[in-house]
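Working notes for the structure below.
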Amino acid sequence: MPTQNVEIPQFTLADKSAPSVTTDAPHERAWQPEFLSPRGE
Amino acid sequence: MTAVPPDDLISRIDLALGSDPRFADAPAIEARNLARYRLGLRILARHHPGAADRLELLSRAGDDELRPVMYDPVLRNAFENDMVALETGKGPSDALAGYLVSGAADPSGGALDGLGPCERLSRPHVRPWPRHSGSWVWTDLDGAARPQQALTARLEELLAGTLSKDGSDNRVVPDAALLAALSRGAGLLTELLPSAGTGVLPHVSLIGFARYDDGDETLNSVSGGDPLPSALFLAPARLDDPWTAAETLFHEGLHLKLFDVLRTGSMVADPDRLVPIPWRTRSWTLTRVLFAMHVYAHLLLFRAAAAEAGPGLRAKYGPPPATEDVDQATPGSEAAARGGYTTSLERVTYLARQAAEVHGDMLTAEGRDFIGWLIGAVTPLAPGILSEGGPVAGPPAAVPAVEPPAPLEPRGYRQARPVHVCPIPEQRRLVAVSPGTPRFRWLNDHAWLIYALCDGRDLAALREGYLRAAGQGAEDGLRHGVAGLLSAGLIEPVGA
């Protein structure tokens, strides 16, 4: 559930990882063309 | 060395393509999406005081109540539009709040029924694969009464905007035979690929049918992104043969899965990057390349599994197609003139190399990991898709590709306020959003720890806390983590 408190994670960090801060982008979810015959998408 | 039996290999790849928590496992992807919705509803509540109670209440609801509402095509579209309006400074817009306040999304009598707002209006109610998910069929909608009238009108409007032909004129109301063929196609898909095949179905909320054929082109199928979320439409002819039906459901379900993955992590940094496609006359965006590659890679598995299908499946569903039916090259394209690119393997090889090796600099770390996972999973079926030692063949990039970070602030950092966060410890992730700049930020375990340690303590204490957990060699990680959090607006230097 949402909270306004950032608690320290209670698990061991993954060894082969590095800090990553990403976001999501609406432009990647805007559209996929129709799948048509005979020319595909 | 003993050769791996084909069916064991197929089972292993099926499991790999259906179980990865970041890119494939439907419950894990759904958990991230629900966390995102809970946060987004809190943000919308701050901007719409008149609907704040309804929005907050939905944010606090259990998954079984939240999911049907937020995976409804009309309400999901409204939410995404409202969030984009805030992100781009055009907002606030109140589409979602409007549906909630009007009562259009409420079950009759107020009792929870497990149905989404649009599904509730369908007559008859049809769930074609209830053992696997709550997907429902657009039969007829009983939307004559207010306030539900707004939902039916909006759903028709979204469909019309998704099909290149006028959607409302082309929609087909399914009869019993068509519904039976739909369930049969899904049955084949889940029996053939119990993990990867079954795993696309929870990403489908709405299944509709549409038909058009103008002589030049015939609709096979289509699925929606944010403009018509969680919905796919099939041409009835695609259900004539169960193998074609299963493959088409797989194809469009994979698109819907990837849309859900992309709601919790961007893969392409440059939306305008174009990639030439030898079997088409127009270039594709890099995002479209990833979508097509995703499907073609899975089709390698589908076809391998079909070729190895046992007598039980063949007796039940008939023989699989003897040859691969890949759509034609566009007239005027390089492939139309010179040949080639007539198989899924040729196409996925080209797309993967373009994405990973030619345009890899435009992928996010998530995008690089995605290609590494996807192509790595199907490589036993088709060795050599990626060049040996290609950019994603090795371990994922250890450090995000950002500008060299500035020196760290000796007085330390603190979290920017206000902020709403939602921890997902089982996935080692935290999602955060600040109402001032409402953009969802996804932190992995390392970034989450650094963020939590940015509580006003000085740099020496921050460094000591992080290196104790990450190892003494993680100084660069700390610098990049702080830079990423600063860039996202989640922290600020003490004293700023």
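Bear in mind these aren't lab numbers, they're just calculated from the coordinates by the rules spelled out. Quick caveat, the model's predicted, so the values are computed rather than measured. Glycine gets a Cβ as well: all are built from the backbone with ideal geometry, and neighbour counts include every protein chain shown.
Ignoring aspartates and glutamates fewer than eight residues from B:K257 along the same chain, the ones with Cα atoms less than 16 angstrom from its Cα are A:D24, A:E28, B:D14, B:D20, B:D25, B:E30, B:D72, B:D226, B:E247, B:E366. Determine which aspartates and glutamates satisfy two conditions relative to B:K90: a Cα distance under 17 Å, and not lying fewer than 8 residues away in the same chain. Within the straight-line limit of under 17 Å, B:K90 reaches these aspartates and glutamates: B:E80, B:D82. Radius of gyration over Kirkwood radius for chain B, both on Cα atoms: the Rg/Rh ratio is 0.98. Scaling the Cα radius of gyration of region B:267-397 by the globular reference 2.2 N^0.38 Å produces a ratio of 1.15.
A simple packing score, the average count of other Cβ atoms within 10 Å per residue, orders the peptides A:20-29, B:463-472 as A:20-29, B:463-472, with the highest score first. Work out, in µm²/s and without decimals, the Stokes-Einstein translational diffusion coefficient of the protein assembly as shown at 4 °C, 1.567 mPa s, Rh from Kirkwood over C-alpha pairs. D, rounded to a whole number, is 53 µm²/s.
The aspartates and glutamates whose alpha-carbon is closer than 14 Å to the alpha-carbon of A:K16, local same-chain residues fewer than 8 away aside, are B:D369, B:D445, B:D476. Panel values: region B:104-147, Kirkwood radius from alpha carbon pairs, Stokes-Einstein at 37 °C and 0.692 mPa s, translational diffusion coefficient 293 µm²/s. If you wrap the tightest convex hull around every Cα atom of region B:186-287 and split its volume per residue, you get 137 Å³.
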